[in-house]
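Below is one structure, written out as structure tokens; comments come after it.
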Amino acid sequence: MSDPYWNHNVQHHPEVLDAVPDGCGKALDAGCGDGLLTRKLAARAASVTGVDRSPEMIKLAREHARVPGNVR
């Protein structure tokens, strides 16, 4: 997945994804914002949960056109 935007956090996504072990069952994206990393983690883990304290960000994450089925 190419990044639709760049910021300081996006810069570190490759390192975070590389740290996910093969066969990862569950992943948590705390402070998920609009869910960009959450969606990327979905390709590496059986299930991913994204949480954020901002209801607006959770709304954006849920409304994204390509939310994988293993993301909540």
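The values are calculated or read from the model by the stated rules, or taken from the named source; none is laboratory data. Note that the coordinates shown come from a computational prediction; the quantities given were computed from them, not determined experimentally. Don't worry about glycine lacking a Cβ; one is built from the backbone with ideal geometry, like all the others, and counts go over all protein chains shown. These area figures cover heavy atoms from the full protein model, side chains too; ligands, DNA and RNA do not enter into them. Shrake-Rupley method; radii C 1.70, N 1.55, O 1.52, S 1.80 Å.
See the values below:
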{"read-out": "Calculated [θ] (222 nm, deg cm²/dmol) that DSSP helices of n ≥ 4 give over the chain, each run adding -39,500 (n - 2.57)", "value": "-8000 deg cm²/dmol"}
{"read-out": "Per residue accessible area in Å² of the chain, where ligands, DNA and RNA are left out and the probe is 1.4 Å", "value": "69"}
{"read-out": "Nearest-10 value in Å² for the accessible area of GLU56, using the 1.4 Å probe", "value": "120"}
{"read-out": "Net charge over other residues, Cβ less than 14 angstrom from the Cβ of CYS24 (K, R count +1; D, E count -1)", "value": "0"}
{"read-out": "Fraction of accessible area attributable to carbon and sulfur, the chain (%, probe 1.4 Å)", "value": "55"}
{"read-out": "12 Å beta-carbon shell around THR49, net charge (K/R +1, D/E -1)", "value": "0"}
{"read-out": "Positive minus negative residues near PRO68 (Lys, Arg vs Asp, Glu; Cβ under 15 Å)", "value": "+4"}
{"read-out": "Nearest-0.05 FRET efficiency for VAL10 and ALA46, computed from C-beta distance (R0 30 Å)", "value": "0.80"}
